[in-house]
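Here's the structure we're looking at; comments come further down.
The values are calculated or read from the model by the stated rules, or taken from the named source; none is laboratory data. Note that the structure is predicted; figures quoted are calculated from it, not measured. Heads up, the Cβs are rebuilt from the backbone with ideal geometry, glycines too, and the neighbour counts pull from every protein chain shown. Each accessible area value is taken on the protein alone, full model and side chains, heavy atoms only, with ligands, DNA and RNA left out. Shrake-Rupley method; radii C 1.70, N 1.55, O 1.52, S 1.80 Å.
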Amino acid sequence: MAFAAVVLVEQIIQQFLHSDNLYEYDDCLKSEVKAFHHKIESLQSSLGKIYPINSRIRKKVHELESDTRKVVYAAQDRIEEFISSQIYRSAFLQKLKETTGELETILSGEISSARDSIKQILEQVLLCDDLFPCDDCPRSEIESFHADIRYLQSSIRSEENGNELRSKISKVLDLIKAFISSQTAQSAFLQNLKEIRGKLDPIVATAKEIADSMEKKQQTSAQSSANAETSKYSRASKVVGQEKDFKKLKDVILQDTPDRLIIPITGLPGIGKTTLARCIFEDKEVGDGFAIRSWVTVGQEYNAGEIFSKLLASVHKRDGSDSTKTNHWNAEQLAVQLHKSLFNNRYLIVVDDVWDIVVWDRIKKYLPDNNKSSRVVVTTRIDNIAVKVESNFDCHKMKELDKNESWELLREKVFGDAHCPPDLMIIGKSIANNCRGLPLSITVVGGQLSQEIKNTEYWKTVEEDIRAAIDLSGEDYLRAILSRSYEHLPCRLKGCFLYMGAFPEDSEVTVSKLVKLWVAEGFLEQTELLLSLEDNAEQCLTDLLDRNLIFPLKFSSNGKVKTCGMHDSIRSLAEIKSEEESFFVSVKKFPSQRNRSSGLIADSLKGKDTQRRISVHKNILMCMEDVYKSAKSVKPARTLLYAGHYHHHPLPFCLSYHWLRVLDALTVHLTKFPKGLVKLIHLRYLSLTYNGKLPASLSQLKNILVLIVRRHPKVVIMGKPVLPVEIWYMKQLRHILLTECDFPDLSGIQVGNTPLLENLQSLSSINVACCTEGFFKNMPNLKKLGIWIEAPGPINFDPDLLPELEAFKLTVLKPIPGKEIKLQKSLVSPMKLKKLSLSGCGLAWECMADIGKFPCLQVLKLRQFAFQGPEWTPVKEQFPMLKLLLIECLDLEYLKLGRFCCESLESIIIKNCYELQEIDQELIRIGTLKHVELVGCNYDVVHCAEEMRDELSDAGKEWQLRIYSSWGEESSPDGMQLS
C-alpha cells in the first residue's frame, strides 16, 4: 500500500538522520538524505489528503499509488541496503584496524621468525566473511580487497628473504589503510538517492495536484483518548430484517421432540447466515434450554483437530473441568472425548461455514443422537452441501432483505437509535435499495457512511459507486462494493486493513498481538496528538471496527475488544488487494503431487518475488524443498509471519530474508537457535518457541521493539534466565513476554544516569526474586508487569518504584493451602493501576483493605487460593471504580458485596468455589451490575442468585445471569443448567 510504504520510508530516514554514525558521512550525503526526507514528507502529506476517492479521480489515484509503491519500495531497498553495508563495514574496518596494529608491531621487529604470526593474522582477515549476513550482500569492494590479500598472502608464504617479506607486509598495510579510508559505498548510495529523488519529483507533483483539487480534505477525528471505550460494540448479535427467519428456526430448536435435529442454513455470501445462527445461539430462551452450547467455524482451511478441540473447550468451560490435559491429544482422541462429554447432555452446536461434506460427515459422527432433544445448526453457502447434510429438517434458504428492511438495517448501522436527517434520507434509501438486500454490503456501506454523517457530497459519491456496480452478478457485485469501501478508507487505515488478510480464514486475532505487529511494521503515521505508538495502533483498530470491516469476537475484562475477526468475503478482498499492491502474500496450499514430482514450486508463491511480506498458513509447507526455494526468491520480504498451527519441525527460515523487520515464529518449535538470526539487524519484532538460552549475540539486534520467547512444553528452570545479560543494552525494547523464567541481573552491567530499558512498557513473566529496586529503576515507564514465585514465601516488591504501572499480575506457581506469601512492604495505592490479578498468594482477607483503596482499579481477578478464609466483607466506600470481579478456586463460604462498596461493579464471575454457600442479598443494591456468571458452584449459591434475579425482574430491572453448574441427576435431569 502506497501510503504505508511512504510512512515506513519516512521513519527509516528519520532514524537514519538521528543515528550515532551520521557524523561519519560526508556533508554531500547528509544534505542529499535531508532533501530526500523533505520530499518524502511532502508526498506523505499529499497522499494523506486524497480522501475520499470518487470516480472522476479513481484511475489517476490508482496510477499514482502504483508509481509511488514502485519508487518508494526501491528507495527502501537502497536505504536499508546501505545501512546494512555500513554496519557490517564498520565491524569489518574495526577488525582491519586491529590487524594493522598487529602487523605494524611485527614490522618493527624480527620478520623471519614472525612468519607464523603473519599467516594467522592474514587468515583472520580472510575469515571476515562471517561478519556478513548473506552471500549476495553488496560488498564488491570488500571482495576485491580479499583477492588482493590472498595474492599477497601467497607471496609471503613463498618468500624466504627477510627484506622481501618486510616489503610484502608493508604492501598489506598500505592496502588495509587505503581500504579503511575508501568511501566507495557512500558515493554509490549518494548516486542512488539522487536518481530516486528525481523519480519522486513527478510523483510528488501529481499527488499535490490531486490533493489540492479535492473539494474536501481528509478529516481525522481527534479522540480525547486513543484508548476509546469499545463497549459500544455489542456482545450480542442483532437481527434486523430477519425476524421471521429467527422466529421460525427458534421454534424448531425449542420444539419438544426427543430426536437430534440437524438444521442446515444456506444462502449467498453476505446474506447473514452466520448472524442469524449467532442470534439464535445467544438467545436467552434458547440458552436456558440446553446444558451445553458450542460454536465452531470450519471454513475452507479447516483443521480437524482444532475443530474438535474448540468444541470440547466449550464443554469444559461449562462443566468447570480442566481442559489442559487434552492439549496434546490428536484429532481422534479429541473427537472420542467430545462424544463422551455430549452423550448424557442436551446440547446445541453450531457448525458454521462448511465448505466440504467430508469434514461435516466426520464431525457428525461424534455428535450423539441421544434422545435428549439436542440440536445442530449447520451454515454453508453451497446448496449441494446443505442438501447432503442428511438433515431431518428442511434446509432453510435465506432470502435477500426487501427495500424497507434494507433501509432499516442501513439506518441502524449509520445512526444507531437516532433518526436520519431529512437531507440524507433520499440518498440513504437509494443506497440501501441498490445493496441488493445483502446484509454484509449494507453493513459495510453503513460503516462508511457513519464516519461522514454530515457530508452530503460523500453520500452522493457512495451512491454513485453502488449504482456503477449494480449490473454485476453474484459475488462480483459484492466484491465491487467491498472494494469501493476499501478505496474509501483514509490512507492511514489501508495498511492496517490489508494486514488482516495475512491471517488464515476465520482466524481469531488477538488485539494485543496485532497492535505490537503494527507498531513493529512502522507503517503507522505519527499523529500530532500525544499518543504512544500502541495508542495510535489501538485507535486504528477502533476505526476499522467503526467501519464494520472487522468485528469483535471476545471482550476483555475492562470491556475492550480482546480478539477480532473478519468476514470471509472481506478477508478475501484484503488478501487480493495485498497481493496486487505487493503488501502481503500467503503460503497456504500444498503443492499437488504432479507439481511436486515435476519440481515446480508451490502455486501460492509462484511469481510473487516482489512481495514485501509473507504469511505462512501451513507451517509444514516451509519444510518442503520446492516451497522453501520459492520462498527464498521473495527477497524483498520484510515480514515472515507463521500464522499456522503449532509445528514441531525446526525450520531454516531466518537466512532467506536479509531485511526482515518482523519474524513471528511462535508456532514453530526450534530445537536449535539459528545463528543467522542475529544478523537480521533491521528486526523490530521477534517471537519464537525455544527451550534453550538465547545467545549473547542477540544484543546485536539493536532495533528490536518486541521480544516474545515461549518454551514448550512449559518448563520452569529455576535460576536460569532465558535471556542473556546483554538484553539490558537493547534500549529500544518496548515489550518482553516470556514463559516463566528469571531475568538477568545487573551484575557487571554499567548503569549510567539514563535508565537502561527506558522504553519498556510490558514485561512478563519473570521471577519475583528479580524485582529489586535497581531492577525497576532501569525500566521506569513499565505499564504492564507479570511476576511469579514458585511457592509461597517472602516477596520484596515495591509498586512505588513503578509510577506508570496500569496492570499487575502475581502468580504463585505451586500454591499450598494454609500457606501465604509474605509481603515485605504493604501494598499502597498505585495511582494508575487499573488491572490486578493474584493467584495462589494465600493472603488473609484483611489484606484486601489495602487493595480496596486503589483509586483507579477497574478489574480484580483472584484465583487459586489468592485469598484464604471463609468470609469476605469489603469495607464501605472501597473499590470505587471496580467494574469486574473474578473469584476462582477460593475456599470462600460467604460473600458480601453491598451498595456501600463496589458501586461501579458491572460484572461478577465466580468459578469453582465449591465451599461457597451464600451471596448476600445486598448484591442487588449495586445498580450498575449487569452480568453475573456462576461456574461450578453449588445449588444453594445458584438458587440464591436466581432469587435475586427474579426480585430484580419483578422491579423492572434485569441481570444477565449465566450458570454453568453440575449438580448430579437428582438436581437436574441433564446434569447441568444454563440460565
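Separation of the stretch 347-370 from the stretch 877-918 is 39 Å, based on Cα centroids. Backbone amide hydrogens, once placed in the peptide plane, bring Q878 within less than 5 Å of C902, excluding anything fewer than 5 places away on its chain. If you find the alpha carbon centre of the stretch 489-549 and of the stretch 425-450, how far apart are they in angstrom? Going from one Cα centre to the other spans 25 Å.
Defining a contact as two alpha carbons under 8 Å apart and six or more residues distant in sequence, what relative contact order in percent does the stretch 842-887 show? Can you show the working numbers first?
Numbers: 57 pairs, mean separation 24.6, N = 46.
Relative contact order of the stretch 842-887: 53 percent.
Using the Karplus relation 6.51 cos²θ - 1.76 cosθ + 1.60 with θ = phi - 60°, the per-residue 3J(HN,Hα) values for the stretch 73-78 come to 4, 4, 5, 4, 4, 5 Hz, with x marking Gly and Pro.
In this structure, the pairs whose alpha-carbon distance is over 28 Å, taken from K310/K783; K30/K731; K310/K562, are K310/K783. Over all other residues within a Cβ to Cβ distance under 12 Å of S391, the charged ones net out to +1, with Lys and Arg as +1 and Asp and Glu as -1.
Packing, taken as the mean count of other beta carbons within 10 Å per residue, orders the peptides 786-792, 701-707 from highest to lowest as 701-707, 786-792. Only Cα pairs under 8 Å and 6+ residues apart enter the sum, and on that basis the relative contact order of the stretch 655-807 stands at 16 percent. Computed from backbone phi with θ = phi - 60° and the Karplus coefficients 6.51, -1.76 and 1.60, the 3J(HN,Hα) list for the stretch 933-946 is 10, 10, 10, x, 9, 7, 5, 4, 5, 4, 4, 4, 5, 5 Hz; x is used for glycine and proline. Applying the Karplus relation 6.51 cos²θ - 1.76 cosθ + 1.60 with θ = phi - 60° to the stretch 186-193 yields 3J(HN,Hα) values of 5, 5, 5, 5, 4, 5, 4, 5 Hz, where x marks Gly and Pro.
Taking other residues whose beta carbon is less than 12 angstrom from the beta carbon of V709, and scoring Lys, Arg as +1 and Asp, Glu as -1, yields +2.
Given axes a ≥ b ≥ c from the Cα gyration tensor, I'd like to know whether the stretch 730-849 is rounded (a/c under 1.5), prolate (a/b larger than b/c) or oblate. It comes out prolate by the Cα gyration axes.
Which order, highest average first, do 501-510, 671-680, 429-438, 442-451 follow once you tally other Cβ atoms within 10 Å for each residue and take the mean per peptide? Don't jump to the answer; show the numbers that get you there.
Values: 501-510: 19.7, 671-680: 16.9, 429-438: 21.5, 442-451: 23.7.
So the order, starting with the most tightly packed, is 442-451, 429-438, 501-510, 671-680.
Each residue was assigned an accessible area with a 1.4 Å probe, and for V298 the value is about 10 Å².
Between the amide H of W355 and those of G299, distances stay under 5 Å, these residues lying 5 or more places away or on another chain, with hydrogens modeled in the peptide plane.
Where a ≥ b ≥ c are the square roots of the eigenvalues of the C-alpha gyration tensor, would you call the stretch 440-537 rounded, which needs a/c under 1.5, or, failing that, prolate if a/b is larger than b/c, or oblate? Oblate, since a/c reaches 1.5 and b/c is not below a/b. From most to least packed by mean Cβ count within 10 Å, the peptides 206-212, 258-264, 844-850 give 258-264, 206-212, 844-850. Using heavy atoms of the protein chains and a probe of 1.4 Å, the accessible area assigned to H18 is about 140 Å². Does the stretch 821-920 classify as rounded, prolate or oblate by the C-alpha gyration tensor (a ≥ b ≥ c root eigenvalues; a/c under 1.5 gives rounded; else a/b over b/c gives prolate, otherwise oblate)? Oblate.
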